[in-house]
Every structure is written in C-alpha cells, then in structure tokens.
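One structure below.
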Amino acid sequence: MRLNKYLSETGAWSRRGADAIIAEGRVTKNGEPAVLGTQVEDGDVIAVDGVAVGPSVRRERPVYIALNKPPGITCTTERHVRGNIIDFVGHKERIFPIGRLDKDSEGLILLTNDGDIVNEVLRAEHGHEKQYLVSIDRRITDAFITEMAGGVDIGDAITKPCRVRRVSPQVIEVVLTQGLNRQIRRMVEALDHKVIALRRVRIMHIELGGLPRGKWRDLTADEIAGLAPPPERAAKPAPRAAEKST
C-alpha cells in the first residue's frame, strides 16, 4: 500500500495532506525518513513526528456514529478547512466520514475509525440504498418524476435508474444506489429545476429518525453488524481500486 493511502486510512489526513507531511520530512518508516511513493508492508512501523500511527495504533476502540449534519459543514478531515466535520463533531477518537454529503445539504452521515467497512458501504456495485427528501423550486409534475427515476444525463454521466416518489407538491423522496458528486442537485438542474433543500434520511438500514440537527449518536450493535460485508465478500479481499469521490 502506498504511504499516503496508509496515512489517509487513519482518518487524520487526506491523501493530499499525507503527501504534504511526507514532503516535509515528518514521516518515518521503520525509523528511516519516508519519501513520496514509499510502500508500506505488513510489519512496517510508520510514525509521524515520532509517534507511531496506523491501523494497529490509531484507536483505543472502534467508533461508529451517526450525525445529523447541518448545512454549512464540510465533510473533510482537513482541519484547516473552516467548518470541517471533524472539529464540528469533536470526538475524542480520530474519526473520518464514510463518503460525503455536500456542504449545502443536511442529514445523515456516518463517521468511524474503522477503515475496513468503508468499501463495503461506498462501493456502487454493492447496491446499498441512500434515501433523501428534496425540496424543489416549483410544483413537481408526473413527467419530472418519470425523468428523474429513469436516469438523467448530467453531462459527464447518465445516472442509474432510481426510485422517486412525490411527498408534497414541491417535495420528492429519492432513493439512490449511486453516489456521484452532488448527484441529486445535478439531476434536478438538468431537468430545469432547482433544489431548495436536500436532507438525507437513510443510509442502508440506518435511519436519521428523530436525531436533532447538529447532534450525533453511537450506532447500535445491530446497526454496526449490518455494515459488515456478507460472508461471500468477507471471504476474499476486495480488489484494489482508485480512490473515488462520493
């Protein structure tokens, strides 16, 4: 594994942030200065500013939390970014968000210090559902719902079919199994409408429920168990893939 990926999986740095501290000479591998492109193998000891970091030392206990993210908070681990989600939560453990929810949107997002579950939750081919309530700038027609549900050309992709249901004259419920950047907003804009407000209310089996805006809670044991891959996927390692923004 490349060193920058190894550091990013601790949740303390993005890959770009990891590259920066490597270039500054703050990272060692087995006591020797590391360089950009350094590979990490099992048994290697990685330290930043003399303090060992990595999967075996990065946490005292596994953390899995659900946050009702308010608008204005950015889903990044970069602490210099004003309004970053890590400082907003203020957890005593080093955690990172699983995926993203754009700055203008609100609702459910999961955070953890367990890098092993991230691929299981985010990989599009696993078909996990995410449910949203979306307020639109004008009255919603049957034709709009049909077009949204059937897949929309958003310029660099055609979205997969999804479930769309009218909740009120200007509010729809959308259930996606895809995670393209700002996907719902871009779908709505491609159909000559505008999103007024967007709230995620469910990720897989985990629901936002009555969690107040800006508050977080620990996941239950059943919720955590539901995040684990099924036996057929747990039995073999996932193929390595390029990092993908969600």
| Quick one: would you say Glu78 is loosely packed, with under 14 Cβ neighbours inside 10 Å, of a type in the set (Asp, Glu) and not in a helix (DSSP H, G or I)? | yes
| request: Could you check, for the range 47-64, whether at least one of its residues is under 29 Å from Glu207 (Cβ atoms), touching a Pro at 6+ places or on another chain (Cβ under 9 Å), in contact (Cβ under 8 Å) with a residue 12 or more places away in the chain and assigned to a loop (DSSP other than H, G, I, E, B)? | output: no
| field | Candidate set from the range 1-43 (those that are of a type in the set (Gly, Ala, Ser) and under 19 Å from the mean Cα position of the chain (by Cα)); member that is modelled with the highest pLDDT | value | Ala18
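Conditions (1) surrounded by 10 or more Cβ atoms within 10 Å (Cβ to Cβ); (2) touching a Phe, Trp or Tyr at 6+ places or on another chain (Cβ under 6 Å); (3) of a type in the set (D, E, K, R), marked per residue:
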{"position": "Arg16", "(1), (2), (3)": "yes, no, yes"}
{"position": "Ile21", "(1), (2), (3)": "yes, no, no"}
{"position": "Val27", "(1), (2), (3)": "yes, no, no"}
{"position": "Glu32", "(1), (2), (3)": "no, no, yes"}
{"position": "Gly37", "(1), (2), (3)": "yes, no, no"}
{"position": "Glu41", "(1), (2), (3)": "no, no, yes"}
{"position": "Val45", "(1), (2), (3)": "yes, no, no"}
{"position": "Val51", "(1), (2), (3)": "no, no, no"}
{"position": "Gly54", "(1), (2), (3)": "yes, no, no"}
| task | Check off (1) surrounded by 12 or more Cβ atoms within 10 Å (Cβ to Cβ); (2) outside any strand (DSSP E or B); (3) β-branched (Val, Ile, Thr); (4) at pLDDT 95 or above for Thr246 and give me the number that stays unchecked. | result | (4)
| task | Return yes when Leu108 is under 23 Å from the mean Cα position of the chain (by Cα), in contact (Cβ under 8 Å) with a residue 60 or more places away in the chain, within 17 Å of Lys194 (Cβ to Cβ) and not in a helix (DSSP H, G or I) and no when it is not. | result | no
| query | Quick one: in the range 138-155, which of the residues that are surrounded by fewer than 12 Cβ atoms within 10 Å (Cβ to Cβ) and in contact with a Lys or Arg (Cβ under 9 Å, 6 or more places away or on another chain) is nearest to Asp102 (Cα to Cα)? | reply | Gly155
| Scope the range 19-34; condition assigned to a strand (DSSP E or B), β-branched (Val, Ile, Thr) and either under 15 Å from Ser8 (Cβ atoms) or free of Cβ contacts under 8 Å to residues at least 12 places away in the same chain (or both); matching residues | Val27
| Of all helices (runs of 4 or more DSSP H) completely enclosed by the range 175-235, which ones contain at least 2 residues that are within 16 Å of the chain's Cα centre (by Cα)? | 183-190
| task | Answer with yes or no whether Gly115 is modelled with pLDDT of 95 or more, of a type outside the set (A, V, I, L, M, F, W, C), within 30 Å of Phe88 (Cα to Cα) and assigned by TED's automatic domain parsing to the domain that holds Phe96. | result | no
| task | Looking only at the range 214-222, decide whether some residue is surrounded by 15 or more Cβ atoms within 10 Å (Cβ to Cβ) and either of a type in the set (Phe, Trp, Tyr) or not assigned by TED's automatic domain parsing to the domain that holds Val171 (or both). | result | yes
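The values are calculated or read from the model by the stated rules, or taken from the named source; none is laboratory data. Since this is a predicted model, take the numbers as computed values, not measurements. Methodologically, a virtual Cβ is constructed for each residue, glycine included, from the backbone with ideal geometry; neighbour enumeration extends over all protein chains shown.
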